[in-house]
Amino acid sequence: MNTIEQSILDALRELEETIARMPTASPKPSLLPIFERIDQLTRELPRGTDPDLLHYLHKKSYQKARLFLEGRNHENARGNCDRS
C-alpha cells in the first residue's frame, strides 16, 4: 500500500467513525471536509492504481474501497455495475 492509499484508508475510517457518532453528536459534524479529502486523494493516486479501487472511489462505494484497502476485497459483493 502506498502513502496515498494509506491516507485514503485513514480518511475512510474517519468517515465511518464520524457517521457512527452522528446520532449522539451535538453539534452534528460536517462530513463535507472528509468527502473533499477523499476526492482529493483519489485524484492523486498514481497511474497503475488497481481499477477496482478506482471504481469504488469514483462510485463513492466507500465501504468497498475500505475493504479493498484492508486486503478484504473478497468480502465485496459483486455490484450491479456493468464493467468490462
**Complete:** Checked the stretch 4-50 against the a/c 1.5 cut and the a/b vs b/c comparison, axes a ≥ b ≥ c from its Cα gyration tensor; verdict prolate
**Asked** What accessible area, in Å² to the nearest ten, does a 1.4 Å probe give for Ser61?
**Response** 40
**Asked** Expressed as a whole percentage, what fraction of the accessible surface of the chain belongs to carbon and sulfur atoms when a 1.4 Å probe is rolled over the protein heavy atoms?
**Response** 50
**Asked** So, with +1 on the Cβ of K and R and -1 on the Cβ of D and E, and no other charges, what is the size of the charge dipole of the chain about its Cα centre, to the nearest 20 debye?
**Response** 220
**Complete:** Sorted by chain and number, the residues with a modelled amide H under 5 Å from that of Asn76, at a separation of 5 or more or across chains, are none
**Prompt:** With all protein chains present and a 1.4 Å probe, how do Phe68, Phe35 order by accessible area, largest first?
**Reply:** Phe35, Phe68
**Message:** Normalised radius of gyration for the stretch 34-76, please: alpha carbon Rg relative to 2.2 N^0.38 Å, two decimal places.
**Reply:** 1.08
**Prompt:** Kirkwood hydrodynamic radius for the chain: how many Å is it when counted over pairs of different Cα atoms?
**Reply:** 13.6
**Request:** May I ask you to rank Ile4, Ile34, Ile19 by accessible area, largest first, using a 1.4 Å probe over the protein chains only?
**Result:** Ile19, Ile4, Ile34
**Message:** Please list 3J(HN,Hα) in residue order for the stretch 32-47, calculated via the Karplus relation 6.51 cos²θ - 1.76 cosθ + 1.60 where θ = phi - 60°; whole Hz, with x for glycine and proline.
**Reply:** 3, x, 5, 4, 5, 5, 4, 4, 5, 5, 4, 5, 8, 4, x, 4
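The values are calculated or read from the model by the stated rules, or taken from the named source; none is laboratory data. Since the model is a prediction, treat every value here as computed from it, not as a measurement. Cβ sites come from the backbone with ideal geometry, for glycine too, and all protein chains shown count toward neighbours. Keep in mind that these areas ignore ligands, DNA and RNA; they rest on the heavy atoms of the full protein, side chains included. Shrake-Rupley method; radii C 1.70, N 1.55, O 1.52, S 1.80 Å.
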